[in-house]
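Input: a single structure, listed below in structure tokens.
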Amino acid sequence: MNRMRRSRPLTILYYFLAALLVLLVALVIFVLTFDWNRARPYINDKVSQTIGREFAIKGDLDVRFRQGDPAEQGWRRYVPRPEISANDVYVVNPSWTTTGPRLASVGNIVVAMHTLPLLHKEVVITNLELDKLEVAAQRRADGSNTWTFKDNGPSEWEVDIRRLAFREGSLRYLDDGIKLDLRAKATTINADDADALADDKANEKPADRPGGKATGQAVGNRTANNYGLRFELGGTYHGAPVTGGGKTGAVLSLQDEHNTFPVQANAMAGKNKIAIEGTLTDPRSLSGIDLKLSLAGASMADLYPLTGVLLPETPPYATTGRLGGKKDGAVWNWTYRNFTGTVGGSDLHGTLSYSPRKPRPLLTGTLTSNQLRLADLGPTIGAESNADKAARDKKPNQPAGKALPVEQFNTAKWDALDADVKFTGKKLVRTHDIPLENVETHIRMKNKVLTLTPLNFGMAGGAVTSNITLDGGKNPIQAQIKMAARHLKIRQLFPKLQAMQASVGEVNGDAALAGTGNSVSAMLATASGELGATVSEGSVSKFVLEAAGLNIANAVFVKLFGDKQVQLNCVASDFVVEKGQAQTRRFVVDTDEAVIDVTGSIDLANERLNLDVKPKTKGVRIISLRTPLYARGTFANPDVGVAKGPLALKAGAAVALGIINPLAAVVPLINPGNVEAVDCAAALKQATQVRFGSKPEPVKKQEK
């Protein structure tokens, strides 16, 4: 009796397992024998209602069981799984699209999945194979697109695709926002083609790639056999043709982290030549991108529609480096590292990082250059181009005779991004000017405020240090500059003048100015602050002044000395600037022949002069230089002449004495030579001290 009671639970368990086995067998028999084509209308209707778009399976629909994937770990590899195959499957496009009636169509699709995860609403697709895939997608200028379906709220089901395989297919992508119409066609690479690709890669010439650098035979042999698809590109970008092609992997593993998917492509898009080669890391979530990127084109500004990164108008460029992308949540951070490139006649090297943060993207990095031409990168901060300037100069209301730079800074795009970039350069070339050396600056752009702190460079054997701030958030721009120049050699300031090569003189200067305006001319017209400069012993001539373009100094020099070389002992100058008016606090010139005092003011707003030049001749001179001069007129056309009052008194005295005694007529024109020389050492020491915020002391005279 007890034995019968103990065996009853086992008997029930046996019956349950037997019933379950029979049910599974019956289910398998049903799956294998059922004509699944009879379920197509229900599936088509259900999917169409869910996505809000017509979905249809027009060809055969079949379900079979296959053995588990041997590559899987654990007991799941032994569990048979259903494999669904369907032919002629498609999803239609919205009615407004112009790319074609179907968004996507597949000649044949095969889906293998796990069955047990379906019990907790998870679809685990172990293998998805697509053959003869055709996609026709479109994005309008307002951001709406053809691949966004009906919003049914959060879904209780999760989909996990482990492996994706492609065969032949085609793509049409139309983007009205960036005016791109792209077409691509992909075909399978067989084993023979893969070997040929490896040979082609190994033998590829450097000139065949943007940037002109070889990738090497080892890279070609290592990656070519991983490619499974070849594709060709065509279409238009901003009306210009797009051509190119490349290779990718045919099987995309999405199961394990740190898997990589190879990709290689080259294309001409508009005026830009683009080539990439590398891998996509963890393609399931696309967490990383590591590509060798080469770019070349007519201007870096042409890259904005493709990259979304604001770049300046530049001369032709070419660059090669490693492009890395890392996903942080929904945001991609990009790094272009260890790149080398050229822009016009300039070279650039370094690493730049781009983060699309809010409210503005951030560009950071370090740049170095062996030679940088300002003509190549001047538009980076928004200065108008030569073409813009030429067009502007044709305007009838443009003021004529301007000597100060009138090029406008364009701040409209300064709020497109923030920047924090350090730059060092061996040589900076300014057109027709003395090259700058050992340039060092820290460029910061934040909320439309551009700062160069510091901007240091070597020039003419000396050094210039400065801090510059331009606030583009204000209209007009608010500008501040502090600058100090030390030990600039006179002979290097005029390297082409043989007469200056024996000079040992130095130039030192300081400036601290603040003003508003959208050009250098406008900023100086409103500037307030202080200016000062000194020159130690040297020599000067009319020829030197003409070569320097100093019209004012040239005119004064001719009036004082004629056209000859004059030894310069020292120059000490000090100006206070208030709202564009520069007033002399001290301006003295000491030469072998005279001591010259300059007083008056300079109108920076109207570029006009109001200076008095009072020479005092050293020693006895028959023809004295005691008669004062004046400097009036504009910077471009100065008017320098002899003060008429003192000259008339001299002439009158000479005539009166001539009537009494002809020999006495020359007495007013004789300089007794009692002027004291300037103590240049003291003047230079005082002038080179930090002068801002303090008043200069009177210049001491040397004892005779």
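From the set of residues in the stretch 174-190 that are in contact with an Asp or Glu (Cβ under 8 Å, 6 or more places away or on another chain) and open to solvent by 50 Å² or more (accessible area, probe 1.4 Å), which is nearest to Asn226 (Cα to Cα)?
Among those residues, the one meeting the criterion is Thr188.
Out of curiosity, is Ala525 modelled with pLDDT of 85 or more and buried (at least 19 other Cβ atoms within 10 Å of the Cβ)?
Yes: the conditions hold for Ala525.
Could you tell me which residue of the stretch 141-161 is least open to solvent (accessible area, probe 1.4 Å), considering only residues that are touching a residue at least 40 places away in the same chain (Cβ under 8 Å) and in a loop (DSSP other than H, G, I, E, B)?
Here the answer is Thr146.
When you check Ala514 against the structure, is it surrounded by fewer than 20 Cβ atoms within 10 Å (Cβ to Cβ), farther than 30 Å from Leu348 by Cβ and modelled with pLDDT of 90 or more, yes or no?
yes
Of the conditions (1) under 15 Å from Leu531 (Cβ atoms); (2) at pLDDT below 65, Leu611 satisfies every one except a single condition; which number is it?
Result: Leu611 passes all but (2).
Taking Glu83 as the residue in question, decide whether it is touching a Lys or Arg at 6+ places or on another chain (Cβ under 6 Å), of a type in the set (D, E, K, R), surrounded by 11 or more Cβ atoms within 10 Å (Cβ to Cβ) and at pLDDT 65 or above.
yes
For Arg632, which of the numbered conditions (1) modelled with pLDDT of 75 or more; (2) surrounded by 15 or more Cβ atoms within 10 Å (Cβ to Cβ) fails to hold?
In the conditions (1) modelled with pLDDT of 75 or more; (2) surrounded by 15 or more Cβ atoms within 10 Å (Cβ to Cβ), Arg632 misses (2) alone.
Please go through (1) modelled with pLDDT of 75 or more; (2) closer than 17 Å to Ala269 by Cβ; (3) of a type outside the set (Lys, Arg) for Leu303 and return the number of the only condition it doesn't satisfy.
With (1) modelled with pLDDT of 75 or more; (2) closer than 17 Å to Ala269 by Cβ; (3) of a type outside the set (Lys, Arg) applied to Leu303, the lone miss is (1).
Run down Leu164, Leu182 and say which single residue is assigned to a strand (DSSP E or B), of a type outside the set (Val, Ile, Thr), within 39 Å of the chain's Cα centre (by Cα) and under 19 Å from Glu232 (Cβ atoms).
Result of the check over Leu164, Leu182: Leu182.
Quick one: which residue in Leu493, Leu497 is out of contact with any strand residue (DSSP E or B) (no Cβ under 6 Å at 6 or more places or on another chain), within 24 Å of Leu531 (Cα to Cα) and modelled with pLDDT under 90?
The unique qualifying residue is Leu493.
Go through the stretch 216-290 and tell me which strands (runs of 3 or more DSSP E), entirely inside it, have 2 or more residues that are modelled with pLDDT of 85 or more and on the phi < 0 side of the Ramachandran plot.
Those strands (runs of 3 or more DSSP E) span 229-237, 240-248, 260-269, 272-281.
Tell me which of these Asn456 doesn't satisfy, since it passes every other one: (1) farther than 25 Å from Asn518 by Cβ; (2) surrounded by fewer than 17 Cβ atoms within 10 Å (Cβ to Cβ); (3) over 18 Å from the mean Cα position of the chain (by Cα).
Status for Asn456: all satisfied but (2).
The values are calculated or read from the model by the stated rules, or taken from the named source; none is laboratory data. It should be emphasised that the depicted structure is a prediction, and the values quoted were computed from it without experimental measurement. Reconstructed Cβ throughout: ideal geometry from the backbone, glycine too, with neighbour counts over all protein chains shown. Ligands, DNA and RNA are excluded from the accessible area calculation, which covers all protein heavy atoms including side chains. Shrake-Rupley method; radii C 1.70, N 1.55, O 1.52, S 1.80 Å.
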